[in-house]
Amino acid sequence: MSAKCSTISLCASLLLLFTITHPLKAAEAKIDMPNVVIIVTDDQGYCDLGCHGNKLIRTPHLDKLHSESIRLADFHVSPFCAPTRASLMTGRFANLTGVRATIRGRNHLDATETTMAEYFKESGYTTGLFGKWHLGRNYPFRPMDRGFDEWIGHGDGGVGTVSDYWGNDKMNDHYMRNGKWEKFNGFSSDVFFDESMKFMAKNKEKPFFVYLATNAPHWPWNVKKEWRDAYKDSLKEFEKGRKRSLADFYATVTRLDDNVGRMRQFLKDEKLADNTLLIFLTDNGTAGSWGVYYAGMRGIKGTAYDGGHRVPCFLHWPKKGWNKGTDIKQLTAHIDLLPTLSELCDLKTPAKAQHQLSGKSLLSLFPGESPAPSWADRTLFVHCQNKERYEKWKSSAVITSEWRLVHQNELYHIKSDPAQKTNVAKQHPEVVAKLQQQYEQFWKDIKGGEVPPQRAVVGSGKIDCTWLACDAWRYREGAPMVWNQPDINNGTLSFGSSLITIVKKDSYAFELRRWPKELDCAITAIPKVDPNADVFLGGKPVFFQEAKAFPVTRAVLKIRGKEYKKTIKATDTHISFDLELTEGDADVEAYFLDKNGKEYPAYHVYVYE
């Protein structure tokens, strides 16, 4: 053996011995993996930041983060909340994931999808979600079923919706902790930041992934008087004629900004800042700055113009050198973050992953990385139809770095016309034809958005109680949607069926209620409203509404073609049916009848295994 080979062999042996006798070094190597924190705010647009030219709003901490980050300057999401979250979590166009809307159960992430949290967990990270999920509330759609070790957040939707804890208003609310309701004190954003920082402190000896998705500044803008008063004078002229207060919206954003500052200081104090990749983005265009400031763009939340889906995205990581203001001007999107993080953090692909990602890694665009030989132009697609079924071309946008094709026939040269004022379709028919052709192929790829509705799984042993609430019904033809708690207070007459799959032959209890079980209110009664509720808007609790009583006498449950009935007594808070059921799909319909046979909705059905 040569001297050179002997030396190599000796070094290898010493390295092996060192690894065996110094196990702490292996743990230290894991610490070098970057922590990843993604902050997503709700309904805050590109225009709702001081650093983007808004002279009225106060966001000093986000402005500072902007000055110390890589900025994706042409970054796009979906025009609505749940589709954005689905694309962020999966790296795929939302249309492919079963999430086509925020409502009617069309926000449930297909069970075959693999989430970002699952990639991180597979790669040795501890994972936590704090705040809004909005991708399903029953098994197998909950965060705890999709890769998150820790989950603290509210119901499947917004604050005060049917699936939220009754009476939540962002102040001193109940949130889910790993599937169980728990009371928390404080403003919602404060709570979610507090809990995420506790999680990071507890897990700082190993890499962590935190998804911090606030439910602010989405309405209700429930703020303390002193937060609102800070804006009262400066926004006085803009408040005239507005249905909702701009001061309340901006105060909510500023409170979010305060929390971003708190978190950055926490990361420094815990000596985590240097090796933590902090990403900030929002989920769609503004829902509050309309009529005031648009940052030179057209449109707001829910529109196909850039103001509906072009949002901020900042990436800050001091150890990597990503702490200097740098603009990346290429066209990027939410679908790109998972492939980028996968390459950056060397994430392992979970064995269950079966779908091709829609996005692409952006790493070659960033400073200090090997630049791509060329960054080919790409085409992105947006649908702004928050409904159960898509209509081809309606409220759509086809996006390239140079062009925007909106509503099939409106063409805008975005480089020279960022406000999308001048339709130049007649001057560039070849561009229109090319983009239309690309949309046609996209429509085929997503099969017209016709992903079958998702079904909650009953009998798995993974969940004690499956909550079938009216917000996720497959509604009867022409029936109005019941989405918010005031809809239930009003006694909105709507009907539909809940979709489940039973995976084990067994006995199941179906509990029919008008009111959610936390109220413990009789079916024929109305709940009391606390006149001293935590926070008031206009002198009343946020979701205050006079409730209507149901004069009902019988309960009806329909499942698999069979009908079951029971009599309702005045004191009954619920009616329960115990049924022996076999495996397979089932549609569940439940309602009440008065003495004349008129139907009233059973808004909540709880299924116990």
Point to revise | Local electrostatic count, Val210, Cβ distance below 12 Å [Lys/Arg +1, Asp/Glu -1] | key: 0
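Here are some pairs, Lys352/Lys558; Lys202/Lys360; Lys394/Lys444; Lys183/Lys348; which of them have Cα atoms lying more than 27 Å apart in this structure? Walk me through the numbers before you get to the answer.
Numbers: Lys352/Lys558 35 Å; Lys202/Lys360 33 Å; Lys394/Lys444 16 Å; Lys183/Lys348 37 Å.
Long pairs (Cα-Cα over 27 Å): Lys352/Lys558; Lys202/Lys360; Lys183/Lys348.
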Point to revise | For the range 144-257, the fraction of alpha-carbon pairs in successive 10 Å shells from zero, as % | key: 13, 40, 29, 14, 4, 0
**Study point:** Cα pair distances of the range 424-534 binned at 5 Å [whole percent]
**Key:** 2, 8, 12, 13, 13, 11, 10, 7, 7, 6, 5, 4, 2, 0
Review point. Points 7 angstrom from Cα along the Cβ direction at Ala230 and Glu430: gap in nanometres?
Key: 5.5 nm
Review point. Heavy-atom accessible area per residue, the chain, 1.4 Å probe: how many Å²?
Key: 41 Å²
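Go through 262-270, 284-292 and give me the packing order, highest mean Cβ count within 10 Å leading. Write out the running numbers ahead of the final one.
Values: 262-270: 15.8, 284-292: 23.0.
The most tightly packed comes first, giving 284-292, 262-270.
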Review point. Arg262 to Thr567: FRET efficiency via 1/(1 + (r/R0)^6), r the Cβ-Cβ distance, R0 45 Å, to the nearest 0.05?
Key: 0.20
**Study point:** the range 47-192 - Rg and Dmax from Cα coordinates, angstrom
**Key:** 16.6, 45
Practice item. Among the aspartates and glutamates, select those whose C-alpha is under 16 Å from the C-alpha of Lys392, and discard any that sit fewer than 8 residues away in the same chain. Key: Glu410, Glu440, Asp445, Glu450
**Study point:** Normalised convex hull volume, the chain, alpha-carbon set, Å³ per residue
**Key:** 193 Å³
Practice item. Pull out the extension gain between Glu270 and Ala73, defined as 0.36 nm times the separation in residues minus the alpha carbon to alpha carbon distance; nm, one decimal. Key: 67.8 nm
Review point. Pairs Lys232/Lys268; Lys504/Lys548; Lys562/Lys598; Lys329/Lys434; Lys64/Lys225; Lys121/Lys320: which exceed 30 Å Cα-Cα?
Key: Lys232/Lys268; Lys504/Lys548
Check your understanding: Just how far, in whole angstrom, is the range 345-419 from the range 559-588 if you go by their alpha carbon centroids?
Key -> 46 Å
Point to revise | Alpha-carbon Debye profile of the range 201-241, log10 I(q)/I(0) at 0.28, 0.34 Å⁻¹ | key: -1.05, -1.13
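When the accessible area of the chain is split by element with a 1.4 Å probe, what percent falls to carbon and sulfur? Mind showing how you got there, number by number?
Numbers: 12960 of 25170 Å².
Its accessible area is 51 percent carbon and sulfur atoms.
The values are calculated or read from the model by the stated rules, or taken from the named source; none is laboratory data. As the structure is a computational prediction, the values presented were derived from the model and not from experiment. Using ideal geometry, Cβ is built from the backbone for each residue, glycine included, and neighbour counts are taken over all protein chains shown. Heads up: the accessible areas ignore ligands, DNA and RNA and are worked out on the full protein's heavy atoms, side chains in. Shrake-Rupley method; radii C 1.70, N 1.55, O 1.52, S 1.80 Å.
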